[in-house]
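Chemist: I have a structure I would like to understand better, so I am pasting it below and will then ask my questions one at a time.
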Amino acid sequence: DVSSPKHGKVDPDNMPHVGGNMWAGGTGGRDTAGLGGKGGPYRLDAGHRVYQVSQAEKDAVPEEVKRAAREMAEKAFKQRLKEIQMSEYDASTYERFSGAVRRQVQSLRVILDNLQ
């Protein structure tokens with residue numbers, strides 16, 4: 001079961017972590033920042049294969065945990081904007097322009113990766 005959202009511990013060796021309730025950047029777990037899990041405050045990609053929990057498990061997360069996760073994510077987002085000296089208006093403008101070319105940028109990345 002989920003309890004409360006948290007960032008989680010950072011693995012200094014960046015080993016893949018699947019499931020559980022401890023590591024930041026893990027996949028398929030609960031309560032921590034990562035991918036494919038449930039109840040975490042925000043997505044955090046550590047570059048590993050993603051294991052996805054079912055949508056039914058995600059839907060079963062209690063509303064108070066979802067609310068706490070959203071609040072934590074919003075706080076982290078605002079802190080990150082402050083660190084990079086960007087306003088919320090700047091972020092929404094960036095997202096608007098970035099979103100318009102996201103597919104083309106992804107295609108270019110694939111081409112460049114293949115050339116390497």
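The values are calculated or read from the model by the stated rules, or taken from the named source; none is laboratory data. Remember, predicted model here, so these are calculated numbers, not experimental data. Methodologically, a virtual Cβ is constructed for each residue, glycine included, from the backbone with ideal geometry; neighbour enumeration extends over all protein chains shown. For accessibility, only protein heavy atoms count, side chains too; no ligands or nucleic acids. Shrake-Rupley method; radii C 1.70, N 1.55, O 1.52, S 1.80 Å.
Chemist: Can you name every residue in the stretch 50-88 that is in contact (Cβ under 8 Å) with a residue 24 or more places away in the chain and either aromatic (Phe, Trp, Tyr) or not in a helix (DSSP H, G or I) (or both)?
Modeler: TYR51, GLN52, VAL53, VAL61, PRO62, PHE77
Chemist: Right, next: Would you check which residues across the stretch 6-38 are aliphatic (A, V, I, L, M), part of a loop (DSSP other than H, G, I, E, B) and farther than 19 Å from PRO62 by Cα and list them?
Modeler: Across the stretch 6-38, the qualifying residues are VAL10, MET15, MET22, ALA24.
Chemist: Taking the stretch 93-105 as the region of interest, how many residues are of a type outside the set (A, V, I, L, M, F, W, C) and surrounded by 10 or more Cβ atoms within 10 Å (Cβ to Cβ)?
Modeler: Within the stretch 93-105, residues that are of a type outside the set (A, V, I, L, M, F, W, C) and surrounded by 10 or more Cβ atoms within 10 Å (Cβ to Cβ) number 5.
Chemist: Here's a follow-up. Determine, yes or no, whether ALA56 is touching a His at 6+ places or on another chain (Cβ under 9 Å) and either open to solvent by 70 Å² or more (accessible area, probe 1.4 Å) or not aromatic (Phe, Trp, Tyr) (or both).
Modeler: no
Chemist: Name the single residue that is nearest to the chain's Cα centre (by Cα) among those in the stretch 1-36 being surrounded by fewer than 19 Cβ atoms within 10 Å (Cβ to Cβ) and hydroxyl-bearing (Ser, Thr, Tyr).
Modeler: It comes out as SER4.
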